[in-house]
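What follows is a short report on a single structure.
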Amino acid sequence: MSKKLGFLVNSDRCVGCHSCEMACKNYYQQDPEIRWRKVYAVKEGAHSTIPLREYISVACNHCEEPSCMKACPARAYSKRQDGIVVHHQSRCIGCKMCIMACPYNVPEYNASMKKVEKCHMCYERIDRGDKPACVEGCPVDAIDIIDLNAISGFGMDTNYAGFPNPEITKSTTRFIKPKALMQVRREK
């Protein structure tokens, strides 16, 4: 059975430092307005009634049924055997159809190049046996790459507050949500 790679985002560990974003930008020397990975603060109370500071780091979800690839009239997208969705800039005509089709707003338009670009999970690094730049750049190990065909989904979820329905395109990103905390009150 071939691999089916996806990102594992552990929000219980994420401190919202944006190191993953910066590692990606530095590795690919992206224009300032381009962000292939983004860290968001989750609305307080999304997973708990107790106030909790919570962050989520997201990039391309390398969907099983990528809507970007279906919408592209120039065939600028391909899907590797390991599930990584690759955008080929040499074929891109900059029509932005993929941006409109992606429910997660992942592809970004590069105005200086007049083409779209997006995360490709650092496939060239993975092929060399290295981890993606965002994974290596995270100081608290809140992001990793997993083979969905080799591990069980115990403790992982496909849904996250504010994240579009993953069933639309069958996202391969998995989340570990913050652990429930107990509020302790002192007796008066």
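The values are calculated or read from the model by the stated rules, or taken from the named source; none is laboratory data. Quick caveat, the model's predicted, so the values are computed rather than measured. Glycine gets a Cβ as well: all are built from the backbone with ideal geometry, and neighbour counts include every protein chain shown. What goes into the accessible areas is simple: the full protein's heavy atoms, side chains included, and nothing from ligands, DNA or RNA. Shrake-Rupley method; radii C 1.70, N 1.55, O 1.52, S 1.80 Å.
Here is a check on your reading of the model: is Val58 touching a strand residue (DSSP E or B) at 6+ places or on another chain (Cβ under 7 Å) and open to solvent by 10 Å² or more (accessible area, probe 1.4 Å)?
Numbers: touching a strand residue (DSSP E or B) at 6+ places or on another chain (Cβ under 7 Å): yes; open to solvent by 10 Å² or more (accessible area, probe 1.4 Å): yes.
It is true that Val58 is touching a strand residue (DSSP E or B) at 6+ places or on another chain (Cβ under 7 Å) and open to solvent by 10 Å² or more (accessible area, probe 1.4 Å).
Among the listed residues Gly6, Gly16, identify the single one that is assigned to a loop (DSSP other than H, G, I, E, B) and surrounded by 14 or more Cβ atoms within 10 Å (Cβ to Cβ).
Details: Gly6 fails: assigned to a loop (DSSP other than H, G, I, E, B).
The conditions single out Gly16.
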Can you confirm whether region 22-29 contains a residue that is assigned to a loop (DSSP other than H, G, I, E, B) and either out of contact with any strand residue (DSSP E or B) (no Cβ under 6 Å at 6 or more places or on another chain) or closer than 18 Å to Gly162 by Cβ (or both)? yes
Sort out which residues of region 133-170 are under 23 Å from Pro103 (Cβ atoms), touching a residue at least 40 places away in the same chain (Cβ under 8 Å) and open to solvent by less than 60 Å² (accessible area, probe 1.4 Å), and write them in order of number. Cys134, Ile143, Ile145, Ile146, Leu148, Met156, Tyr160, Ala161, Phe163, Pro164, Pro166, Thr169
Among (1) closer than 14 Å to Lys177 by Cα; (2) open to solvent by less than 70 Å² (accessible area, probe 1.4 Å), there is one condition Ser67 misses while meeting the rest; what is its number? (1)
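Out of the residues in region 51-100 that are in a loop (DSSP other than H, G, I, E, B), basic (Lys, Arg) and modelled with pLDDT of 95 or more, state the one that is farthest from Ala111 (Cα to Cα). Even if it seems obvious, please write down each step before you answer.
Here is the first cut: in region 51-100, the residues in a loop (DSSP other than H, G, I, E, B) are 51-54, 59-66, 72-76, 80-84, 88-96.
Imposing the further condition that a residue be basic (Lys, Arg) reduces the set to 53, 75, 80, 91, 96.
From what's left, modelled with pLDDT of 95 or more: 75, 80, 91, 96.
Numbers: Arg75: 20, Arg80: 27, Arg91: 16, Lys96: 11 Å.
Within region 51-100, the match that is farthest from Ala111 (Cα to Cα) is Arg80.
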So, in region 121-132, exactly how many residues are open to solvent by less than 30 Å² (accessible area, probe 1.4 Å) and either out of contact with any Asp or Glu (no Cβ under 8 Å at 6 or more places or on another chain) or of a type in the set (Val, Ile, Thr) (or both)? 3
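Within region 139-157, can one find any residue that is of a type in the set (D, E, K, R), part of a loop (DSSP other than H, G, I, E, B) and within 27 Å of Arg13 (Cα to Cα)?
Our first condition is that a residue be of a type in the set (D, E, K, R); within region 139-157, this holds for 141, 144, 147, 157.
Remaining after also requiring part of a loop (DSSP other than H, G, I, E, B): 141.
Pick out the ones that are also within 27 Å of Arg13 (Cα to Cα) and you get 141.
Yes, region 139-157 has at least one match.
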Cβ-Cβ distance below 8 Å, separation of 6 or more or different chains: which pairs start in region 94-112 with a residue that is without any contact (Cβ under 8 Å) to a residue 24 or more places away in the chain and within 18 Å of Asn165 (Cα to Cα) and end on one that is open to solvent by 70 Å² or more (accessible area, probe 1.4 Å) and aliphatic (A, V, I, L, M)? none
